[in-house]
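Undergrad: Okay, handing you the structure first.
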Amino acid sequence: MVSVHATVRAIQAFAVPLLIFGLMTGCASSIARRDPTGERFPVVNGKSLDGTEVQFPTVGSGKPLLLLIGYEQSTQFDLDRWIMGISDSGLAVRAYEVPTIPGMVPGMFSGWIDGGMRRGIPREDWGGVVTLYADGARVAAFTGNQDGLPGRIVLLDGNGVVVFFHDRGYSLKSLQKLRDALTKLAGTVPVAAPESPPK
């Protein structure tokens, strides 16, 4: 599961590069927000900060997969709250932070952007952050990127089909809906294993 602190650092680290590239590229294509629940997530390729090639939704390996997608710098606040809520509630699900920066110009500077993120994240957490450049447009078309303030929270089943989608900002009610969706997938309440008491 994505570490709360690691993900917060990841969002903070890519915030400045996103802002810079937003200014460089002007107004990117704005795609109307849409709810893709019931649809299969597009096959897209990215690279985690540790250099591993990652393909969504294939990396899910037949199990539920949670993607926390951010399109712009202002998404940071919303994703921070989601991550903290998921961590505090003990939900156990494989999750990835997915900074999504469509466009040729950001892709040309991917090494610089990813390097900035690495500087703010411990090496052991690099595998949980996968930035999408070339295939970012496919994800933007799938969820819509209009009003990038809230993140796109996407839960996939083992077949890569969206079973939960939220793009209106974090709330306790939306977190409960995510929990309910995980419960339906697993057949039980998905909680993390308790730690052994100290001896």
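The values are calculated or read from the model by the stated rules, or taken from the named source; none is laboratory data. Bear in mind that the values here come from a model prediction, so they are computed numbers and not experimental data. Note: ideal-geometry Cβ built from the backbone for every residue, glycine included; neighbour counts use all protein chains shown.
Undergrad: Select from region 48-63 the residues that are assigned to a loop (DSSP other than H, G, I, E, B) and buried (at least 21 other Cβ atoms within 10 Å of the Cβ) and list them in ascending order.
TA: Leu49, Pro57
Undergrad: Restricting attention to region 174-188, which residues are of a type outside the set (D, E, K, R) and either touching a Lys or Arg at 6+ places or on another chain (Cβ under 8 Å) or crowded, with 17+ Cβ neighbours inside 10 Å (or both)?
TA: Passing the criteria: Ser174, Leu175, Leu178, Ala181, Leu182, Leu185.
Undergrad: Could you check Ala6 against (1) more than 14 Å from the chain's Cα centre (by Cα); (2) assigned to a helix (DSSP H, G or I); (3) modelled with pLDDT under 90; (4) farther than 25 Å from Asp147 by Cβ and say which number it fails?
TA: Among (1) more than 14 Å from the chain's Cα centre (by Cα); (2) assigned to a helix (DSSP H, G or I); (3) modelled with pLDDT under 90; (4) farther than 25 Å from Asp147 by Cβ, the lone unmet condition for Ala6 is (1).
Undergrad: Okay, next question. Filtering region 151-173 down to residues that are charged (D, E, K, R) and within 13 Å of the chain's Cα centre (by Cα), which residue is surrounded by the most Cβ atoms within 10 Å (Cβ to Cβ)?
TA: Per the stated criteria, the residue is Arg152.
Undergrad: To continue, here is another question. Between residues in region 166-187 that are at pLDDT below 95 and residues that are charged (D, E, K, R), which pairs lie under 8 Å by C-beta distance while being six or more apart or on different chains?
TA: Cβ pairs passing all conditions: Leu185/Asp157.
Undergrad: Condition (residue is at pLDDT 85 or above, crowded, with 16+ Cβ neighbours inside 10 Å and touching a Leu at 6+ places or on another chain (Cβ under 6 Å)) applied to region 19-42: is it met by at least one residue?
TA: Yes - at least one qualifying residue is present in region 19-42.
Undergrad: Here is a follow-up. Look at Tyr71 and say whether it is of a type in the set (Phe, Trp, Tyr), at pLDDT 90 or above and surrounded by fewer than 23 Cβ atoms within 10 Å (Cβ to Cβ).
TA: no
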